[in-house]
Amino acid sequence: MVNAGDMNGSGNLMDFLDEPFPDVGTYEDFHTIDWLREKSRDTDRHRKITSKSKESIWEFIKSLLDAWSGWVVMLLIGLLAGTLAGVIDLAVDWMTDLKEGVCLSAFWYSHEQCCWTSNETTFDDRDKCPLWQKWSELLVNQSEGASAYILNYFLYIMWALCFAFLAVSLVRVFAPYACGSGIPEIKTILSGFIIRGYLGKWTLLIKTVTLVLVVSSGLSLGKEGPLVHVACCCGNFFSSLFSKYSKNEGKRREVLSAAAAAGVSVAFGAPIGGVLFSLEEVSYYFPLKTLWRSFFAALVAAFTLRSINPFGNSRLVLFYVEYHTPWYMAELFPFILLGVFGGLWGTLFIRCNIAWCRRRKTTRLGKYPVLEVIVITAITAVIAYPNPYTRRSTSELISELFNDCGALESSQLCDYINDPNMTRPVDDIPDRPAGPGVYTAMWQLALALVFKIVITIFTFGMKIPSGLFIPSMAVGAMAGRMVGIGVEQLAYHHHDWIIFRNWCRPGADCVTPGLYAMVGAAACLGGVTRMTVSLVVIMFELTGGLEYIVPLMAAAVTSKWVADAFGKEGIYEAHIHLNGYPFLDVKDEFTHRTLATDVMRPRRGEAPLSVLTQDSMTVEDVETLIKETDYNGFPVVVSKDSERLIGFAQRRELILAIKNARQRQDGVVSNSIVYFTEDPPELPPNSPHPLKLRRILNLSPFTVTDHTPMETVVDIFRKLGLRQCLVTRSGRLLGIITKKDVLRHMAQMANQDPESIMFN
């Protein structure tokens with residue numbers, strides 16, 4: 001046996017792992033983090049800083065800096081997210097108008113900015129000014145006639161194709177992760193999954209640039225969802241500057257939750273709605289501390305955007321409105337009908353879009369992303385141009401649909417027949433009979449509604465940045481405005497009916513069609529995303545009207561009920577399942593009566609579980625086991641005969657530990673004994689130095705017995721964010737259940753193919 005003196009002499013060599021080495025505790029791409037270990041490491045780090053802070057003034061200052069680093073990161077995220085959102089808004093405004101014409105005094109001015117600076121603009125012709133010229137006026141000096149219309153039509157399509165082609169090419173070449181909405185992936189990342197590069201600097205840069213291009217191209221998509229992705233990229237960048245966040249994936253996800261709130265804050269100008277959106281829709285782990293920091297990040301982002309003032313109306317969004325008429329109880333019926341429409345539209349959209357995306361994945365169509373974008377853009381531009389409601393940007397369309405018709409409105413939707421004897425204040429115009437412009441607008445809106453419903457199904461999910469909030473709101477706003485005008489005319493022509501008699505007298509301003517548009521927008525957005533609380537708060541922050549919370553709540557709840565009747569998944573959950581991300585949704589219920597023994601591996605007839613023993617395997621044995629298997633970790637047992645559980649060792653950390661030991665320790669060779677105990681095993685004389693790997697061993701892996709109900713196991717995986725859980729009986733190891741095993745089992749119980757939902 002090796003004598004005590006020899007053992008003591010080699011003690012420093014064997015225990016070199018008592019000091020941390022590079023990359024320990026990090027994770028490989030497309031793997032899930034261990035929430036419990038990250039929490040434990042952060043607690044240890046905090047305890048160490050607190051104890052050191054009492055030693056000297058410098059250590060105390062360092063502890064204060066560490067405590068404040070979270071707020072500094074939030075401040076930086078808010079500033080950058082707000083600035084990027086402002087720049088995107090200004091660039092989209094200019095490039096959207098560039099498709100129709102150019103400003104002669106300064107080509108970088110949008111149509112509105114150009115006419116602001118002109119001294120020759122009159123109130124009656126406020127949309128026309130000599131400084132702004134359409135392409136036909138500039139090129140052939142004609143503003144009217146067939147040739148001018150055809151030239152403008154052709155150039156509109158060319159600009160749209162140019163923008164879309166540039167966007168899809170940039171995404172394809174520089175940042176493939178910049179495509180799509182980003183919210184399904186961010187939900188997955190926040191649940192603990194690692195997708196390297198998804199929140200990287202290139203993705204941030206390319207997504208910002210291409211977002212401007214695709215929104216300007218006139219495609220049926222919005223910038224709101226991708227802005228959440230952009231804000232999370234900002235959060236990831238700033239968290240990498242502070243070791244507190246860069247070295248702890250759990251802490252990093254707290255920052256990303258707050259960044260998501262800042263993204264919605266600048267997308268809708270709704271800071272409180274942003275915090276609730278992060279809490280309700282995106283985040284997996286949301287402690288109270290993250291709530292405060294999310295609130296601060298959303299506040300700074302909104303303040304920054306307000307300072308830039310991209311829309312020139314001192315508001316945070318383009319479609320801010322104020323209504324002056326209260327709503328009446330009888331109107332709840334059409335509001336609820338709009339909720340039903342929103343739920344049905346949400347169900348139709350999710351089913352059709354997922355079917356199309358699945359077809360894209362499984363057929364040759366997916367091999368030609370550039371061609372697909374070009375074809376969809378061409379179809380969109382060709383059909384959109386003739387209709388004034390689809391030609392303009394979707395945000396401007398929503399703004400017009402939300403607006404209440406005042407005395408100064410020039411929109412077709414406000415072409416009512418006025419009473420010449422009317423002497424009312426401007427804000428209180430009574431209901432009037434609809435003029436020819438309103439009926440024309442109704443037809444155009446009906447055609448635009450059908451077009452938007454169909455084209456959005458094919459647009460969302462292409463290889464370009466594409467948000468869903470704005471197209472969904474546009475569909476609902478168009479349906480709502482038409483219903484509102486219908487109710488308004490019904491109330492005007494039949495004010496003696498019993499339902500109108502109590503609240504709609506002749507000459508009164510009873511019905512606000514813009515409010516119906518807003519309720520319809522909320523209903524359709526709720527039907528697609530299944531948001532409720534955050535949706536209502538976002539919509540009320542958009543309008544600044546507390547008075548209209550009840551109609552919004554009624555529509556949002558109805559749309560969710562109706563949509564849930566056809567399927568529980570919102571669009572983001574559906575895309576998570578389509579891509580097979582390992583996401584355990586906390587909203588899903590597991591009600592089947594199965595046990596841990598039904599799910600654990602190995603099952604009957606399978607090879608026994610690959611395990612490590614505490615002190616009887618050599619370095620070569622461990623390396624062979626790692627090479628021959630692709631498991632993420634191995635249980636450590638006393639011996640293969642007893643199978644009494646000691647702990648769990650991660651694959652990545654075993655590889656790194658052995659690699660470091662070979663580099664830094666001369667005595668470690670292939671036949672060195674690996675031991676996980678506190679004291680080294682007794683070895684024959686002249687045997688090579690053993691290798692102690694106790695430091696990388698998790699001595700308290702989560703275990704359940706073989707008779708634990710799967711309902712409990714699923715709950716444990718959800719609430720503790722586990723990667724794996726070991727199954728034992730009386731301390732003896734029986735098997736292992738991983739997160740993917742749980743997901744496969746849940747799919748099997750729901751009669752789905754368990755392999756089709758796994759990420760590849």
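A simple spin-label model places the labels of Lys719 and Ser105 6.5 nm from each other, with each point 7 Å out along Cα-to-Cβ. Probing with 1.4 Å while keeping every protein chain in the model, the per residue accessible area of the chain equals 45 Å². Projecting label points 7 angstrom from Cα along Cα→Cβ for Trp292 and Ser240 puts them 2.9 nm apart. Taking all protein chains as they are arranged and a probe of 1.4 Å, the heavy atoms of Arg315 leave approximately 90 Å² accessible to solvent.
Across the range 596-750, the mean sequence separation of Cα contacts (distance under 8 Å, 6 or more residues apart), normalised by length, yields a relative contact order of 26 percent. Against the chain, whose longest principal axis comes from its Cα atoms, helix 57-98 is set at around 40 degrees.
Cross-chain or 8 or more residues apart, Cα under 17 Å: how many lysine pairs in the range 596-750 fit that? Count them up, please. Count of close lysine pairs: 4. Dipole orientation for the range 596-750: of the candidates Leu722, Ile626, Val674, Leu722 has the Cα lying most toward the positive pole (charges on Cβ; Lys, Arg +1; Asp, Glu -1). Solvent-accessible surface of protein heavy atoms, probed at 1.4 angstrom with all chains present, puts Thr50, Thr347 in the order Thr50, Thr347, largest first.
For the chain, the longest principal axis of the Cα atoms and the long axis of helix 332-362 meet at an angle of about 50 degrees. Using 0.36 nm per residue and subtracting the Cα-Cα separation, the extra length available between Lys367 and His324 on full extension is 10.2 nm. Pairs from the table (Lys99/Lys128; Lys39/Lys251; Lys367/Lys463; Lys251/Lys289) all lie within 18 angstrom of each other at Cα.
Considering only Val228, Ser265, His745, whose Cα is most displaced toward the positive end of the charge dipole of the chain, charges sitting on Cβ of Lys, Arg (+1) and Asp, Glu (-1)? Checked the options; the winner is His745. In a fully extended conformation the segment linking Arg306 and Phe60 would gain 84.8 nm over its present Cα-Cα distance, using 0.36 nm per residue. Charge dipole of the chain (Cα centre as origin; +1 on each Lys and Arg Cβ, -1 on each Asp and Glu Cβ, all else neutral): 1540 debye, rounded to the nearest 20.
Rounded to 0.05, the FRET efficiency of the Glu606 and Ile379 pair, given R0 = 60 Å and the Cβ-Cβ distance, is 0.70. Based on the Cβ-Cβ distance of Ser642 and Ile194, what FRET efficiency does E = 1/(1 + (r/R0)^6) give at R0 = 30 Å, to the nearest 0.05? The value I calculate is 0.25. Heavy-atom accessible area, probed at 1.4 angstrom with all protein chains present, ranks Tyr572, Tyr581, Tyr285 as Tyr285, Tyr581, Tyr572, highest first. Taking every Cα-Cα distance in the chain and sorting them into 20 Å bins starting at zero, the pair-distance distribution P(r) comes out as 15, 41, 28, 12, 3, 0 percent. Ligands, DNA and RNA excluded, the heavy atoms of Thr440 present near 60 Å² of accessible surface to a 1.4 Å solvent probe.
For the chain, the longest principal axis of the C-alpha atoms and the axis of helix 710-720 are separated by about 80°.
If I take R0 = 35 Å and measure r between the Cβ atoms of His592 and Arg359 in this structure, what FRET efficiency does the formula 1/(1 + (r/R0)^6) give, to the nearest 0.05? The pair His592/Arg359 has a calculated efficiency of 0.65. Contact order for the chain, expressed relative to its length and based on alpha carbon pairs under 8 Å spaced 6+ residues apart, stands at 15 percent. For the range 549-658, the relative contact order is 16 percent, taking Cα pairs closer than 8 Å that sit 6 or more residues apart in sequence and dividing their mean separation by the residue count. For the chain, carbon and sulfur atoms together expose 59% of the accessible surface, with a 1.4 angstrom probe and every protein chain in place.
The values are calculated or read from the model by the stated rules, or taken from the named source; none is laboratory data. A quick note: this is a predicted structure, and the numbers were derived from the prediction, not measured. Note that we place each Cβ from the backbone using ideal geometry, even for glycine, and neighbour counts take in every protein chain shown. Ligands, DNA and RNA are excluded from the accessible area calculation, which covers all protein heavy atoms including side chains. Shrake-Rupley method; radii C 1.70, N 1.55, O 1.52, S 1.80 Å.
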